[in-house]
Amino acid sequence: MGKKERRHGKRNEDEQHSLAAKPPFFGGIAGTLEEKEEKPRESPSPKKNRKFVDTQKGKVVVENYYPAEEIARLRVDEGLFMFSRHNPERQKKALENVALSEGGNVIASVKEQTLVGYIGIHHPSERERWGKPSYPWLYELGAIEVSQSLRRNGLAKAMLDVAFDDPFYDDKIVITTGFTWHWDLEGTGLSKFEYRTLGVELFGRYGFMEMSTDEPNIMMDPANLFLVRIGKSSTFSQYQKFASLLFANEWEAMLRGF
């Protein structure tokens with residue numbers, strides 16, 4: 001997410017902290033999901049997508065399910081550094097690992113054999129609460145980044161278009177987190193709450209909504225984001241199993257209806 005015209009006025013600190021009170025349930029979601037007993041079914045096949053974006057520095061190709069061997073051949077643009085901490089080879093290796101993982105999906109933005117943006121979607125790590133049950137239908141959008149030199153060209157939107165114009169995610173639940181310590185606040189000139197608002201708006205276009213959780217890393221900063229996309233063909237059983245992961249504190253879970 002890059003620099004964008006500030007359409008939102010600054011909020012005071014009390015208003016910012018109230019953002020921590022995110023909705024535990026979304027009205028109507030549970031009622032729209034299939035409540036009858038689940039039966040074995042075939043998941044939709046992944047759909048290969050490609051999109052071309054014209055930028056002030058030339059054409060960029062955005063493609064999903066980018067092969068690991070092709071990622072290995074790319075140069076990493078120096079403007080990609082927020083997750084790798086200026087270690088491009090480490091970033092490339094991480095994306096190769098995502099591409100090679102079961103169900104892994106790297107959405108790559110490539111300009112003349114140079115990686116200028118990426119998204120990584122994969123199963124959550126088993127070290128995290130989301131990955132411990134090993135639900136095959138639960139995925140995590142682990143990272144999204146656009147090179148500092150190519151922001152404000154619509155690449156983040158193009159990558160999300162390519163990612164979710166894919167029936168494979170129709171019966172899946174996808175989570176994503178946004179931590180303030182990963183955000184390029186200095187480069188964008190935004191406050192962490194302004195950056196947060198952009199994230200909610202951008203991901204909201206693709207069906208992501210905020211949910212509450214007591215996951216410690218998310219609770220470290222009230223500006224941190226926890227967003228969930230419940231596929232249109234997901235079942236009520238999937239929703240219940242996912243909801244059971246939101247709160248480790250049993251009293252909190254009971255109070256919120258989980």
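Taken together, the values in this text are just the output of simple stated rules run on the coordinates, not laboratory data. Because the structure is a prediction, the values reported are computed rather than measured. A quick note on method: Cβ atoms are made from the backbone with ideal geometry, for glycine too, and the neighbour counts reach across all protein chains shown.
What is the Cα centroid distance between the stretch 65-120 and the stretch 203-250, reported in whole angstrom?
Centre-to-centre distance over Cα atoms comes out at 26 Å.
Non-local amide H neighbours of K47 (under 5 Å, H modeled in plane, Pro and chain starts lacking H): which ones?
HN-HN under 5 Å from K47: F168.
What translational D, rounded to a whole number of µm²/s, comes out for the stretch 50-255 from Stokes-Einstein when the hydrodynamic radius is the Kirkwood one over Cα pairs, at 10 °C and 1.306 mPa s? Show your work: numbers first, answer last.
Working: Rh = 17.7 Å.
So the translational diffusion coefficient is about 90 µm²/s.
With only alpha-carbon atoms counted, please give the Rg and Dmax of the stretch 55-123, in Å.
In Å, with Rg to one decimal and Dmax whole: 11.3, 36.
Only counting other Cβ atoms within 10 Å, I'd like S45, S147 sorted with the fewest neighbours first.
Ascending Cβ contact count within 10 Å gives the list S45, S147.
For a footprinting-style exposure proxy, rank D161, D54 by other Cβ within 10 Å, fewest first.
Listed from fewest to most nearby Cβ atoms, that is D54, D161.
Quick one: M219, M159, M82, fewest Cβ neighbours within 10 Å first, how do they rank?
Fewest-to-most ranking of M219, M159, M82: M219, M82, M159.
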